[in-house]
Amino acid sequence: MKISDNRYCFICGAENPHGLKAKLEVDRKAQSATCTLAVPAEYQGWQGMVHGGIISALLDEVCVYAGMTLADSVVTGELKTRFRSPVPVEQEVTVSAQVINQIRRTVMVEAQLTMEGTLLANAEAKLVIVRS
């Protein structure tokens, strides 16, 4: 399978007019990734709250970026998300992820979404390294 980036990713793609255009920072040495953003009200579920699917997508994206510190191409095999508190729209949140371990082509990553230091959601991801 060949994976390519056309800059149209819903979360980070600069070319997607409907996307979040999140700017993720990667620390290859620490095998981690982070992003700070405010999710616009257009992505709410219930009034004033970010839709759970958007929260999951943000956690997934930061996990993949952390996983790419180990390989150029990774895809999500599993994502387990836990919603702890509502995430308000239009408020700055931080999404971060850290590689926990790697066994052959499987990379385990943990992620969290926080606001002012309070944990609002977290996830565990099992990523698969894609060989071209």
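Starting from residues that are under 20 Å from V128 (Cα atoms) and not basic (K, R), keep the ones in region 1-11 and report whichever is surrounded by the most Cβ atoms within 10 Å (Cβ to Cβ).
I11
From the list V107, V64, which residue is at pLDDT 95 or above and closer than 26 Å to H18 by Cβ?
V64
Taking only pairs six or more apart or across chains, which ones have beta-carbon atoms under 7 Å, a first residue in region 1-21 that is over 15 Å from V39 (Cα atoms), and a second residue that is among the hydrophobic types (A, V, I, L, M, F, W, C) and modelled with pLDDT of 90 or more?
From residues that are over 15 Å from V39 (Cα atoms), the pairs are M1/V130; I3/V130; R7/A14; N16/C9; N16/F10.
Among the residues in region 21-33, are any out of contact with any helix residue (DSSP H, G or I) (no Cβ under 7 Å at 6 or more places or on another chain) and polar (S, T, N, Q)?
Taking every residue of region 21-33 in turn, none turns out to be out of contact with any helix residue (DSSP H, G or I) (no Cβ under 7 Å at 6 or more places or on another chain) and polar (S, T, N, Q).
Kindly indicate which of T118, T69, T36, T76 is farther than 16 Å from I129 by Cβ, touching a strand residue (DSSP E or B) at 6+ places or on another chain (Cβ under 8 Å) and of a type in the set (S, T, Y).
Just a single option satisfies the conditions, and that option is T36.
The values are calculated or read from the model by the stated rules, or taken from the named source; none is laboratory data. This one's a predicted model, so the numbers in the text were calculated from it and none came from an experiment. Don't worry about glycine lacking a Cβ; one is built from the backbone with ideal geometry, like all the others, and counts go over all protein chains shown.
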